[in-house]
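Each value in this text was obtained by applying a stated rule to the coordinates, not by laboratory testing. Computed from a prediction, not measured in an experiment: that's the story for all the values here. Using ideal geometry, Cβ is built from the backbone for each residue, glycine included, and neighbour counts are taken over all protein chains shown.
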Amino acid sequence: QLWGRMPETAKTNESMEAVIQAVDRLNNILSRLLYFSRVDRAERQSVDVNQILEATFTLLEAQASEQQVALDLQLQSGLPPVLGSGEALRQVFLNLATNALQAMPDSLSSRRTSGRNLSIRYWNRSIS
């Protein structure tokens, strides 16, 4: 809507980038406000972290594929559940993985022949 209200002479690549950055900042601020408003109300319950990580990686498959990034999820089976908020953990894992994908360069370096990977390993060393 903001783009539509701008005069034609102001519609440049630089102004589009500025609008996108402003919208991203606002989205980030609103997301944080919403998160903190929910934190105190989040019910703590038994959470299967493996299940949350698997669901998160499923959400990221399309973005990773588009960026030619291989997702590598290594989970130990039989880990006990943790006490927490499944939704909060899901959001944290999604944010971390999305940030990692966004931080990767758009093109593969000619020096790297093996491609790019986003790896997450979750296990407990004390469990055999």
Theoretical gain in end-to-end length, Glu66 to Glu87 [0.36 nm per residue, Cα-Cα removed]: 4.9 nm
Would you kindly derive the ³J(HN,Hα) couplings of the stretch 78-89 from the backbone phi angles with the Karplus curve 6.51 cos²θ - 1.76 cosθ + 1.60 (θ = phi - 60°), listing them in order in whole Hz, with x for Gly and Pro? x, 6, x, x, 10, 8, x, 9, x, 5, 5, 4
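Find how much the distance from Asn117 to Glu43 grows on full extension, using 0.36 nm per residue of separation minus their present alpha carbon separation; answer in nm with one decimal. Don't jump to the answer; show the numbers that get you there.
Details: separation 74, 0.36 × 74 = 26.64 nm, distance 3.42 nm.
Computed gain between Asn117 and Glu43 is 23.2 nm.
Given a Förster distance of 25 angstrom, what is the FRET efficiency for Asn13 paired with Gln102, based on the Cβ-Cβ distance and rounded to 0.05?
Numbers: r = 20 Å, r/R0 = 0.79.
The computed FRET efficiency comes out at 0.80.
Hand me the trypsin sites (Lys or Arg not before Pro) from the stretch 17-91 located in a DSSP loop with no more than 16 other Cβ atoms within 10 Å, in residue order please.
Working: sites: Arg25, Arg32, Arg38, Arg41, Arg44, Arg90; in loops: Arg41, Arg44.
The qualifying sites are Arg41, Arg44.
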What spacing in nm lies between the two simple spin-label points modelled at Gln74 and Ile29, each 7 Å away from Cα in the Cβ direction? 4.2
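I'd like the GluC sites (Glu not before Pro) in the stretch 30-101 restricted to DSSP loop residues with at most 10 other Cβ atoms within 10 Å, sorted by number. Numbers along the way, then the final one.
Details: sites: Glu43, Glu54, Glu61, Glu66, Glu87; in loops: Glu43.
Here the GluC sites (Glu not before Pro) that fit, given the DSSP loop and packing criteria, are Glu43.
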Taking amide H atoms as placed 1.01 Å from N in the peptide plane, list the residues 5 or more away in sequence, or in a different chain, whose amide H sits under 5 Å from that of Arg116. Ala70
